[in-house]
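**Student:** Submitted below is the structure of interest, expressed as structure tokens.
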Amino acid sequence: MKNATVRSIFLIWLGWLLLVIGFQALATARLTPQWPDRSQNWTTTETAKNDGDYQRDRAYLMEPFMNNQVAWDSEYYLGIAVGGYDDPAMPALSPSGWMIPNFVTHIPTVGYQSQILSLSYAFLPFYPMAIRVFALPLSLLGMNPIATATLAGVLVSALGTLAAMLALYDLSRDKLGEEGGLRAAFYLIIFPTGFFLAQVYTEGLFVGLAFGSLAMLRRRNWWAAALLACAATLTRAVGIALIIPMMMTWISTREWFQLDLEWSQIYHSGIPVRPLLRALLAFSPLFVFLVWKFSYLGVAFDFVEANFFGRGYLDLGGSFYSWATSFRSMLSFKEPNHSAYYFTEFFAMLVAIIAILKSRKNFPELAWFSIAVFLI
């Protein structure tokens, strides 16, 4: 990758980051939303409280420093980073499934079903762990732990986005040329929902890890690709879909054929280490996912997701029912906020489907990964 190109992408990224954060500060200083937010039933309920001050009494969302960059799920990422999964300042779930407000002392007992579980268990560990690592040197600035973690979270998200831009350029320049590769990187951050990449959310880190893994896979750097894929899986569980491009790439090398031949001669030439190792690396996202899934964190994740957030593993029936209900309510136009919100959602889904179909020919591994992510 040329130094001039890296410099261009860096400057584009830096300008975008300053504009997003600056615009958020300016907009919130000049404009006050009209509460409640009626885009969905739960947003109506939540933002009707305290005249829209839905973050009141949320310890990790009330810190004034960079407060525009935190909301909703940011609370859990910051809580895990600062106080761990069992931070008593976080909302929790009782064994019987009722919610316990925050600022309650959690008293863990033996077995996940006999203890109070923090809602933080519904979130994977890699992003909060990265925030904690970045917060260590930032603590020298003398800010309080929540402010330090917030700054660290924004930096992790932003640097993940920069890595994603560089990876997208690297993935696309052979087919699209120098200018096309730069456009691909630029489009990532200017998409209407691109502002999420600069918030205390997992999107920025996840795309950096996922696209970075695909870029390393393209270069046949299997160790780096596997490491990034495993980190992506522990950032968002959908990262397990990276097993598809990794398997496609491994199969295309025909090492599986070499493995079969060498295995038949194992007593003569020894274990076929190289092709076997690459096969294991291709499956690494699945291995990491299964280790997490059957660990304490994974079991607690399932319990909180099912009993509080109302979600299940690959609940296709429930998903299609929700989509159909949302689509009908969007077309009713009874509530403009509601219709506008779901129009944006369905329009983004349509754009995603078109982009996936258009990329199948030139970027088959990326396309199949995207299909899996979309469906999951």
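**Student:** Measure nothing but the geometry: give the 0 to 90° angle between the long axis through the Cα atoms of 222-233 and the longest principal axis through the Cα atoms of the chain, rounded to 10°.
**Tutor:** 20
**Student:** Please list 3J(HN,Hα) in residue order for segment 356-371, calculated via the Karplus relation 6.51 cos²θ - 1.76 cosθ + 1.60 where θ = phi - 60°; whole Hz, with x for glycine and proline.
**Tutor:** My calculation for segment 356-371 gives 5, 5, 6, 8, 4, 6, 8, 9, x, 5, 5, 5, 5, 4, 5, 4 Hz in order.
**Student:** If you line up the long axis of helix 284-293 against the longest principal axis of the chain, both from Cα atoms, how many degrees apart are they, to the nearest 10?
**Tutor:** 40
**Student:** For the chain, what does the accessible surface come to per residue with a 1.4 Å probe? Please give it in Å².
**Tutor:** Working: 20320 Å² over 376 residues.
With the other protein chains kept in place, the chain gives 54 Å² per residue.
**Student:** Going from most exposed to least, what order do Val351, Val200 have by accessible area with a 1.4 Å probe?
**Tutor:** Numbers: Val351 50, Val200 0 Å².
Largest to smallest exposure gives the sequence Val351, Val200.
**Student:** Arrange the residues Glu305, Glu178 by how much accessible surface each exposes, largest first, with a 1.4 angstrom probe.
**Tutor:** Details: Glu305 25, Glu178 70 Å².
In descending accessible area the options line up as Glu178, Glu305.
**Student:** What is the chain's relative contact order, in percent, from Cα pairs under 8 angstrom and six or more apart in sequence?
**Tutor:** Numbers: 482 pairs, mean separation 54.6, N = 376.
15 percent.
**Student:** Summarise the accessible area of segment 149-263 (1.4 Å probe, protein heavy atoms) by the percent that is carbon and sulfur.
**Tutor:** Numbers: 3130 of 4530 Å².
With neighbouring chains kept in place, the figure for segment 149-263 is 69 percent.
**Student:** For Leu93, enumerate residues with amide H under 5 Å from its amide H, sequence gap 5+ or separate chain, H modeled in the peptide plane.
**Tutor:** Ile100, Leu117, Ser118, Leu119
**Student:** Could you please report the charge total around Leu227, scoring K, R as +1 and D, E as -1 over all other residues with beta-carbon less than 15 angstrom from its beta-carbon?
**Tutor:** Charge balance near Leu227 sits at +3.
**Student:** Then there is this: Above 18 angstrom, tally the Cα pairs of segment 181-231 and express them as a % of all pairs, no decimals. Each step should come with its number before you reach the end.
**Tutor:** On the way: 508 of 1275 pairs.
Across segment 181-231, Cα pairs with separations above 18 Å total 40 percent.
**Student:** Just how many % of Cα pairs in segment 314-376 lie over 20 Å apart, if you round to the nearest whole percent? Spell out each step's value before the answer.
**Tutor:** On the way: 808 of 1953 pairs.
Within segment 314-376, distances greater than 20 Å cover 41 percent of Cα pairs.
**Student:** Suppose accessible area is computed on protein heavy atoms with a 1.4 Å probe; arrange Asp37, Asp87 from highest to lowest.
**Tutor:** Numbers: Asp37 55, Asp87 10 Å².
If we order Asp37, Asp87 from most to least accessible, we get Asp37, Asp87.
**Student:** In square angstrom, rounded to the nearest 10, how much accessible surface does Arg236 have for a 1.4 Å probe?
**Tutor:** 80
**Student:** Hey, in the GNM for the chain with a 10 angstrom Cα cutoff, which one of Pro137, Pro125, Pro145 fluctuates hardest?
**Tutor:** Largest GNM mean-square fluctuation: Pro137.
**Student:** A further question follows. Measure nothing fancy, just the Cα-based angle from helix 145-190's long axis to the longest principal axis of the chain, in degrees from 0 to 90, nearest 10.
**Tutor:** For helix 145-190, the angle is close to 40 degrees.
**Student:** Ignoring everything but the protein chains, give the 1.4 Å probe accessible area of Lys293 in square angstrom, nearest 10.
**Tutor:** For Lys293, solvent-accessible area is about 40 Å².
**Student:** Suppose only helical runs count, i.e. DSSP H with n ≥ 4. What mean residue ellipticity at 222 nm does that imply for the chain under -39500 (n - 2.57) per run, divided by all residues and rounded to the nearest 500 deg cm²/dmol? List each step's numbers first, then the result.
**Tutor:** Values: 16 runs with 237 residues, N = 376.
Calculated at 222 nm, the ellipticity per residue is -20500 deg cm²/dmol.
**Student:** While we're looking at this one, here's another question. Cut-off 20 Å, label point 7 angstrom out along Cα-to-Cβ of Met62: give me the residues of segment 128-169 whose amide nitrogen falls inside.
**Tutor:** Hits in segment 128-169 for Met62 at 20 Å: 143-151.
**Student:** Separate question: How charged is the neighbourhood of Met90? Take every other residue with its Cβ under 13 Å from the Cβ of Met90, and add Lys/Arg as +1 and Asp/Glu as -1. Let's see the in-between values first.
**Tutor:** Numbers: positive: Arg58; negative: Asp57, Asp73, Glu75, Asp86, Asp87.
Computed value for this residue: -4.
**Student:** Starting from the 7 Å offset along Cα-to-Cβ, what nm value, one decimal, do you get for the label separation of Lys49 and Ala4?
**Tutor:** Computed distance between label sites Lys49 and Ala4 equals 5.5 nm.
**Student:** Determine one quarter of the surface area of the Cα convex hull of the chain, which equals its mean projected area, and express it in nm² to one decimal. The partial results should precede the final answer.
**Tutor:** On the way: hull surface 91.6 nm².
Here the figure is 22.9 nm², rounded to one decimal.
**Student:** Taking the Cβ of Ile244 as the centre, find all other residues whose Cβ is under 14 Å away and add up their charges (Lys, Arg: +1; Asp, Glu: -1). Could the numbers behind the result be given before it?
**Tutor:** Numbers: positive: Arg360; negative: Glu365.
Summing Lys/Arg as +1 and Asp/Glu as -1 gives 0.
The values are calculated or read from the model by the stated rules, or taken from the named source; none is laboratory data. This is a predicted model, so every value here is computed, not measured. For neighbour counting, all protein chains shown are included, and Cβ atoms are generated from backbone atoms with ideal geometry for every residue, glycine included. The protein model used for the area step is the full one, side chains on, heavy atoms only, and it has no ligands, DNA or RNA in it. Shrake-Rupley method; radii C 1.70, N 1.55, O 1.52, S 1.80 Å.
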